[in-house]
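Following: one structure in C-alpha cells, then a few remarks.
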Amino acid sequence: MLPFATRSGEWAAFSDALFTATSAVCVTGLVVQDTAMYWSIFGKTVILILIQIGGMGIVTVAVSVAILSGRKIGLMQRSTMKEAVSAHHVGGIVRLTKFILRTTLLIEMTGALILMPGFVKEFGPLRGIGYSFFHSVSAFCNAGFDLMGVKSEFSSLTSYSGSVLVNLTIMTLIVVGGIGFLSWEDIRKNGLNFHKYRMQTKVILSVTGALIVIPAVYFFFGEYGNLPIKERVLSSLFQAITPRTAGFNTTDLTEFSDTGKLMTIMLMLVGGSPGSTAGGMKTTTLAVLFSSAISVFLRKNDTYFFKRRIHEEAIRSAATVFMMYLALFSVGGMVISRLEGIPILTALFETASAIGTVGLTLGVTTSLGFVSRLILIALMFFGRVGGLTLIFAAVSGKTNNVSKYPQEKITVG
C-alpha cells in the first residue's frame, strides 16, 4: 500500500494491495490493477519476491535460508519439509532442498537468458533484462503475472502469439515448474529411463502429457480454425498448457465458445502436480479418481498404476479433495454471479481460476465488488495451501476408535 509502490506515488487501496499480494504469493496471477502500469519498480519487485516465495513454497524457502545460514536442520523441520514437497521419506530431505534451490535458480536463469535477446531488442537493455527475469520467474512459478501492459492494458502475451521463441520458452517453464520437485529428482537420477521412475513420477508425466495433447487437439480444430497454421499450432499448445495454473494467455479468451471456456475451466481445476510450483486439485488426484472408476467398471477390488496397488487412503483423499474443490468453485461462482449480475459461466471461470491458482480471466476481475474479491482471495489461499492441509490444521489430533458402528449396505449409482 506504500506510496512508493505505485507509479503515481499515491497510496494503493487496501483491497487492491491485499488482492495483489494474495495473488502473487499464491502464484495465481489474477489482478485488479495492471501490473506494468500501476505498480512502480519497487512494487513490481515486491510482487516478484512474493511469486518466488510462493512458487518454491514457504517451507522450502525457510529451510533454504536456514541451510545457507549454516543452521542445523532439526527433525521437526525435516518432517515439515517432507510434507511440503510431498516427499516419501524424511531421509535426504536436506539434500533434496539444496537440489530444489539449485535447480530453480538454474532453470529461471536459463529461461531469462533465452528471452533476453528479444526483450532487450524490443524494450532496451535495462528494461529488457528486467522483463526477461520477471517473466521467466513468473512462468516457472506458474504465476501468470506479466509486464506487457506497457503495450496494451491487461494484454498478457497476446502480442507474442506468433513468436516461436517466446511461446516455447514460456510453455517449457510452465511444464517444468508444474511437474513437481520429486519428479525432477527422479529424472535427474534415472535420466530418460522411464521404467526406473517411481510410480508417482510415471503417473505425473503420463497425465501431464495427456492433458497437453488432448486439449491442444480440441483447441486446434475447435477454437483456432481462423488462424494461420503456425500461430494455430502455437496457440493450441499454449492454451492447453497455460490453464494448468500458469495464467498467461496469447489469445483473447472472451472469443472462445462456451465449450472452449468449459474445457479451460476443467483444466484450471486439475492444475499441476504435487510438490510443484502449481496449484489446483493436482494431476495425481485426477489419475487416482479415474483409475478407481476403471477398477469399479472392471469389478476389481484394488486400484492400480503401473503394476502398483494404490492405498485406500489415497483414494479417499482424492475423492475428498475433488468434492471440496467442486463445492467451493461452484458455490463461489454462484455467489459472485448473483452479487455482480454476470453470467454464471463467466463467474465460474473466475472462481476456477482463483481456486486453481491460474490467473486467467474473461475480463471481469477488475470490476468485481469488495465481497466478490474477498471470495476470490479466499479461494486463491485455499487453492495454494491445499484443502486437506487446512482441514488437518483445523482439526487437531487423530482419533482412533477401537469400537465401530454396525455396518449396513447402501445402494449408490
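The values are calculated or read from the model by the stated rules, or taken from the named source; none is laboratory data. Just so we're clear, the structure is a prediction, and the values are computed from it rather than from any experiment. Ideal geometry is used to build each Cβ from the backbone, glycine not excepted, and the neighbour counts take in all protein chains shown. These area figures cover heavy atoms from the full protein model, side chains too; ligands, DNA and RNA do not enter into them. Shrake-Rupley method; radii C 1.70, N 1.55, O 1.52, S 1.80 Å.
Points 7 angstrom from Cα along the Cβ direction at K98 and Y304: gap in nanometres?
It is 4.0 nm.
Would you list, by chain and number, the lysines whose Cα falls below 20 Å from the Cα of K44, excluding same-chain residues fewer than 8 positions away?
K151
From the protein chains alone at 1.4 Å, what is the descending order of accessible area for I174, I375, I129, largest first? Intermediate results must be reported in sequence, preceding the final value.
Numbers: I174 5, I375 40, I129 70 Å².
Order by accessible area, largest first: I129, I375, I174.
Can you give the helix-only mean residue ellipticity at 222 nm for the chain, where every DSSP H stretch with n ≥ 4 adds -39500 (n - 2.57) and the sum goes over all residues, rounded to the nearest 500 deg cm²/dmol? Provide the component values of the computation, followed by the final result.
Values: 17 runs with 255 residues, N = 413.
When only DSSP H runs of four or more count, the value is -20000 deg cm²/dmol.
Name the long-range amide H neighbours of F305: under 5 Å, sequence gap of 5 or more, or other chain; modelled H, no Pro or chain starts.
Counting only residues 5 or more places away or on other chains, the set is I310.
What are the ³J(HN,Hα) values, in whole Hz, obtained from phi via the Karplus relation 6.51 cos²θ - 1.76 cosθ + 1.60 with θ = phi - 60°, for each residue of the range 186-198 in sequence order, with x given for Gly and Pro?
So the Karplus estimates, Gly and Pro as x, are 4, 5, 4, 6, 10, x, 9, 7, 4, 5, 8, 5, 5 Hz.
Quick one: order Y304, Y405, Y131 from most to least accessible surface, probe 1.4 Å. Present the calculation step by step, with values, prior to reporting the outcome.
Working: Y304 110, Y405 210, Y131 15 Å².
Largest accessible area first, the residues go Y405, Y304, Y131.
If r is the Cβ-Cβ distance from K404 to L126 and R0 is 56 Å, what FRET efficiency results, to the nearest 0.05?
My answer for the efficiency is 0.25.
Report, to the nearest 10°, how far helix 93-123 tilts away from the longest principal axis of the Cα atoms in the chain, using its own Cα long axis and a range of 0 to 90°.
Result, in degrees: 30.
Per residue, how big is the convex hull around the C-alpha atoms of the chain? Give it to me in cubic angstrom, could you? It would help to have the intermediate numbers written out before the result.
On the way: hull volume 73.4 nm³, N = 413.
For the chain, the hull spanned by Cα atoms encloses 178 Å³ per residue.
Enumerate by residue number the trypsin sites (Lys or Arg not before Pro) in the range 93-201 meeting two conditions: DSSP loop (anything except H, G, I, E, B), and at most 15 other Cβ atoms within 10 Å of the site's Cβ. Each step should come with its number before you reach the end.
Working: sites: R95, K98, R102, K121, R127, K151, R188, K189, K196, R198; in loops: K151, R198.
When the trypsin sites (Lys or Arg not before Pro) of the range 93-201 are filtered for loop state and at most 15 Cβ neighbours within 10 Å, K151 remain.
Give me the dipole magnitude in Debye, nearest 20, for the chain about the Cα centre, with unit charges on the beta carbon: positive for Lys and Arg, negative for Asp and Glu. Please list the in-between numbers first.
Details: 34 positive and 21 negative charges, 375 e Å.
That gives the chain a dipole magnitude of about 1800 debye.
As I understand it, the value is the acute angle between the Cα axis of helix 199-222 and the longest principal axis of the Cα atoms of the chain; what does it come to in degrees, rounded to 10?
So the helix axis and the longest Cα principal axis differ by about 50 degrees.
HN-Hα J couplings of the range 44-56 from phi, Karplus 6.51/-1.76/1.60, θ = phi - 60°, integer Hz, Gly and Pro as x?
Here the 3J(HN,Hα) series is 5, 5, 4, 4, 5, 5, 5, 4, 5, 5, x, x, 6 Hz.
Could you run the Karplus curve 6.51 cos²θ - 1.76 cosθ + 1.60 with θ = phi - 60° over the range 294-302 and give me ³J(HN,Hα) per residue in whole Hz, x for Gly and Pro?
Per residue, the Karplus-derived 3J(HN,Hα) values read 4, 4, 5, 4, 8, 6, 9, 7, 10 Hz.
Let me check against my output: what whole-number percent is the relative contact order of the chain, with C-alpha pairs under 8 Å and at least 6 apart? Intermediate results must be reported in sequence, preceding the final value.
Values: 646 pairs, mean separation 74.1, N = 413.
The value is 18 percent.
Can you flag which of K300/K409; K189/K282; K98/K189 are past 21 Å Cα-Cα? Don't skip to the end; give the middle numbers.
Details: K300/K409 19 Å; K189/K282 23 Å; K98/K189 15 Å.
In this structure, K189/K282 lie more than 21 Å apart at Cα.
Going by alpha carbons, how many degrees (0 to 90, nearest 10) lie between the helix axis of 125-140 and the longest principal axis of the chain?
It is inclined by approximately 20 degrees.
What residue among F181, A112, G130 has its Cα farthest toward the positive end of the dipole of the range 99-208, where the charges are +1 on Lys, Arg and -1 on Asp, Glu, each on the Cβ?
Highest projection toward the positive end goes to F181.
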